[in-house]
Structures are given as structure tokens and as C-alpha cells.
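Structure first, then comments.
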């Protein structure tokens, strides 16, 4: 029997729409999932919405279950929490996380979904993909007990990194952002907040996640000799200037990239993608992460909401999409 779902598509840069999505199956080894919530990551997804993915990165930036190609039409997204309606007995009726775009129902291999622990509410589990990015970054950065650390950029990724760093013994962590309103989020996460000009220097490690040239330059200024900037920002098709003169060489500073597409080399031989995602979901038992969800809309409102998120007219870290009334009878 063929069934129909509904999916959000980027028709062309800056213009989204909801389209019908035919469903078949599930076959053996597959699950049918009814979406309860999805999440919009304001950084990567709004860059995609604006058409800012460079042609050289079209293949690298593909989401696991993306349909279409950049710059559009394309069905893009990767933060989905739903309920398994059909599938293997061990998953039937379970709330699961997957890297699926914004769609009311979908069929994927059972191996593509991860059960959400009972300690994590479904509405918070949409953050799993972002916390997974933060876990990978900390595997890359390898902070040590007693380190002095700053996270520059209090977006969705930066806040997730700061929240996890706050669990390290003896670590002093400050969250740095040019927007004083982010102080409330830092307080909810239990970390100190400072404006860029007030940030303490003499640091061992700076995690940069502001996606701004000024933020990256300030990150280098904050380091002690032999310190490292872990660069997590995705600039898309923008070029940035980096101050590699001045004291960069004399202080033997390091700029290193981190990206969630591959498991960190520090754990690659011992951890799989599934291990990393399961760990991230376990970490979301902490209710402090609720501070990262700063807005919500209904699925049918997404075509009107995405342009506002992309323009900054609607400020957000993670914008949650709810699907309670999204599915029309079929």
C-alpha cells in the first residue's frame, strides 16, 4: 500500500515549501517513523537556505537522507525525533532519533535510528546531532584537568561545547559572545559569560564557533604561548582573513579544524558513529540543555519561519518544529 507524507523542501535559495512525499514499505529491516519533533540548526541550515554552500562542498555537505541537490530544490535537515510505528519488535513503539530532514513520516533502515533513552524527553532529543558535534570537538581538543578555556560564539554548537566543558574537573570555562542577551543562556548552562572585550586571556584552549572573522582573531589573542584554537565554524562560501603575523609565530599558536562528519582521530579506532550518537543522547538527560531550544513552530509554519531564521529577524539557537497536527489523513 502506498502512503503519502509531507516534507519541507528548499525550492530555491530563500524560498521553502511543503510537498507531498510518497511512502512505500517498510520492508524487512526497515522502520516507519512518525515525526514528533525536528530541529533547525540556525547555522548550517540557514546557510543552506540562503544558498551559501560553495559548489566545491556540495558533496561534503550532503545530509544523510537529503533529496535533491544544492542550491535547490533540496530536502535538507538532520535533527529528527519520531515514534516507530512499524518495524522490528525491538523498535516498535520506541521514540528514536535520526538524521532525517523535516518530514511527517518516513521509512529508513532500522540501523539509521537510535532509541532515545527514557531519561531524555523527546522534545529535548532534537539536540542530539548538535551535542554529537560538541562531543567530537572535545575528542579533538582533548582538554585537560585545570585548563583555562574559552568558547567564542554562543550559538547552538558553542553553547553545547561550553555545557560539556563545564563538567570537566578544575576547568575554568568562559562563554564569549558579542550579544549580551546570551548571558541568560550561559547562566542556565552554569558557565560564565563575557563580552569579547572583557574575556580573560592567558588561555590553554579556545573553541571558536562564532563563524565571524572578528571572533577568530579574538580567539588567537586570548591564547597563552603554545595554545590552540579549535575552529568549529562553517563559513560556507565566505573568505576570512586570519592574523598570522604579530605574535602568531613567536607564541607558537595552533589553529585546528573540527568537523562532525568523521569520528575524531583520537577515538576513531575505538568508537563508531553509533557509539558517539548514543553517548550524545545519554548526555541530554541534563535539563540544562533545554536552554538551547529558543523557539518553536508548527510544521506547516516552516516555509514562513525559515526566511526569518535565515535573515536573523527571528533569533534562535535551535528552533524546534512540532508535528502534532501536521499529518493529513491518507
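Can you tell me the order of 94-106, 115-127 when each peptide is scored by its average per-residue count of other Cβ atoms within 10 angstrom, highest first?
Working: 94-106: 23.8, 115-127: 18.4.
Descending packing order for the listed peptides: 94-106, 115-127.
Can you give me the angle between helix 273-283 and the longest principal axis of the chain, using Cα atoms only, in degrees from 0 to 90, rounded to the nearest 10?
Roughly 80 degrees, rounded to the nearest 10.
How many angstrom lie between the C-alpha centres of the range 57-112 and the range 127-206?
Going from one Cα centre to the other spans 29 Å.
Which one, (1) 1.33; (2) 1.17; (3) 1.01, gives Cα Rg over 2.2 N^0.38 Å as derived from the coordinates shown?
(3)
Please quote Rg/Rh for the range 276-321 to two decimal places, taking the Kirkwood radius as Rh and restricting both calculations to Cα atoms.
1.09
GNM, the chain, Cα, under 10 Å: largest mean-square fluctuation among 181, 217, 285?
Maximum fluctuation in the GNM of the chain, among the listed residues, is at 181.
Arrange 297, 159, 318 by Cβ neighbour counts within 10 Å, fewest through most, would you?
Numbers: 297 18, 159 30, 318 24.
Ordered by Cβ neighbours within 10 Å, fewest first: 297, 318, 159.
Express the relative contact order of the chain as a whole percentage, based on alpha carbon pairs under 8 Å and six or more residues apart in sequence. Before the final figure, lay out each step's value.
Values: 713 pairs, mean separation 65.4, N = 330.
Taking the mean separation of contacting Cα pairs over the length of the chain, I get 20 percent.
Normalised by the number of residues in the range 130-257, what is the relative contact order in percent for Cα pairs under 8 Å and 6+ residues apart?
Values: 245 pairs, mean separation 28.4, N = 128.
Once divided by the residue count of the range 130-257, the mean separation gives 22 percent.
Connecting C-alpha atoms closer than 10 Å in a GNM of the chain, tell me which of 178, 211, 262 has the biggest fluctuation.
Looking only at 178, 211, 262, the biggest GNM fluctuation is shown by 262.
Is it possible to state the helix-based mean residue ellipticity at 222 nm for the chain, with each DSSP H run of 4+ residues giving -39500 (n - 2.57), the sum divided by total residues, to the nearest 500 deg cm²/dmol? What is it? All intermediate terms of the calculation are to be shown ahead of the outcome.
Numbers: 8 runs with 72 residues, N = 330.
The helix contribution divided over the chain gives -6000 deg cm²/dmol.
Most fluctuating residue of 62, 167, 308 in a GNM of the chain with Cα springs under 10 Å: which is it?
In this elastic network of the chain, the residue with the biggest mean-square fluctuation among 62, 167, 308 is 167.
Hey, rough spin-label estimate for residue 111 and residue 241, points 7 angstrom out along Cα→Cβ, what's it come to in nanometres?
Each label point is offset 7 Å from its Cα along the Cβ direction, giving 4.9 nm.
Roughly how tilted is helix 302-311, in degrees to the nearest 10 and between 0 and 90, from the longest Cα axis of the chain?
10
Each value in this text was obtained by applying a stated rule to the coordinates, not by laboratory testing. Here the structure is a predicted model, which is why all the values come from computation and not from measurement. Don't worry about glycine lacking a Cβ; one is built from the backbone with ideal geometry, like all the others, and counts go over all protein chains shown.
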